[in-house]
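The values are calculated or read from the model by the stated rules, or taken from the named source; none is laboratory data. Only a predicted model underlies this, so the values are computations on that prediction, with no experimental measurement involved. Cβ placement follows ideal geometry from the backbone for every residue including glycine, while neighbour counts extend to all protein chains displayed. Note: areas computed on protein heavy atoms with side chains; ligands, DNA, RNA excluded. Shrake-Rupley method; radii C 1.70, N 1.55, O 1.52, S 1.80 Å.
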Amino acid sequence: MNFEHGRHKGGRHAIKMMAMMGGRFGGPFGKGGPFGEDGPFGGGSGRGGRGGGRRGGRMFAGGELRLLLLHLVAEQPRHGYDLIRAVGDLAGGEYAPSPGVVYPTLNLLVDEGLIAEEADESPRKAFAVTDAGRAELTGKDADLESILTRLKALGEQRDREESPPVRRAMGNLHAVLRNRAVTQGFDTETAHAIADILDDAARRIERL
C-alpha cells in the first residue's frame, strides 16, 4: 500500500474513521470499536472469546472437558461459574466453555459419584471432588497436560497476533482522536496536521 498517494485525503479519512470507532458512533468494527465486543482487538465472540466455541473446530475431544472439570474441582471446590472462569483463565481469555456444556458435564460427574455438592447454607453450592473422583484422576497426568497445554497455547497465539504494546498504543490513539472529535472537532488546519502525523506513522510502520 502506498501511503504517499492522497496523503491528506487519506489522513482526514483515517481521522474520521477513528473518531467513529467508539461505541457512541458505532463504526466499521462493530460494537465498541476495534477494542470492543466485535472488534479485531476485542475479546468477544469474533474470536471464540467468552462466548465459547473455537475457531476451526471443537475445543475438546470426547471426555476431555469432563476430565478437565474434574481436575479443577479436585484442586479446590468450585461453582459452575467458577469453573467456566477458570477454563477461560487457562486460555488467557481466548476461550471459555458455555454453560450449556459445563453444567450437563457437572451433572454427569455427580451421577458418576466423582464430585458432589458441598453441604452448606449457600444458595449456590460448590462442587467438591470425592474419593472416587481422585481415583479417576490417577494415571491421567499426560492427558491433562495435553489439555492444559492446548488451552495455554490459545492465549499465547493471541499475544503473538495482537501484541499488547501495539494494543495499548492503538487504544491511546483511539481515545485521543475520539475525545477530540467529540469535544472540539477538527478544523482544516488541525485536520491536516493530524493527517501528517498519521501518514508519517503509517509510512514508518510499512517500512519496518
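So, Leu108, is that one modelled with pLDDT of 95 or more and within 25 Å of Glu156 (Cβ to Cβ) or not?
So Leu108 does not fit the description; no.
Evaluate segment 116-126: report whether one residue or more is at pLDDT 95 or above, part of a helix (DSSP H, G or I) and in contact with a helix residue (DSSP H, G or I) (Cβ under 8 Å, 6 or more places away or on another chain). There is no residue in segment 116-126 that is at pLDDT 95 or above, part of a helix (DSSP H, G or I) and in contact with a helix residue (DSSP H, G or I) (Cβ under 8 Å, 6 or more places away or on another chain). Out of Glu75, Glu94, Glu64, one residue alone is surrounded by fewer than 17 Cβ atoms within 10 Å (Cβ to Cβ) and under 21 Å from Leu154 (Cα atoms). It is Glu64. Among what's in segment 126-149 and is open to solvent by 60 Å² or more (accessible area, probe 1.4 Å) and either touching a residue at least 40 places away in the same chain (Cβ under 8 Å) or of a type in the set (A, V, I, L, M, F, W, C) (or both), pick the residue that is nearest to Leu106 (Cα to Cα). So the residue we want is Arg134.
Okay, residues lined up against (1) on the phi > 0 side of the Ramachandran plot; (2) open to solvent by less than 70 Å² (accessible area, probe 1.4 Å); (3) modelled with pLDDT under 85:
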position: Leu151; (1), (2), (3): no, yes, no
position: Asp159; (1), (2), (3): no, no, yes
position: Pro165; (1), (2), (3): no, no, yes
position: Ala169; (1), (2), (3): no, yes, yes
position: Asn179; (1), (2), (3): no, no, yes
position: Thr183; (1), (2), (3): no, no, yes
position: Arg203; (1), (2), (3): no, yes, no
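Within segment 67-88, the set of residues being part of a helix (DSSP H, G or I), of a type outside the set (A, V, I, L, M) and either touching an Asp or Glu at 6+ places or on another chain (Cβ under 9 Å) or at pLDDT below 90 (or both) comprises just one member, Gly88.
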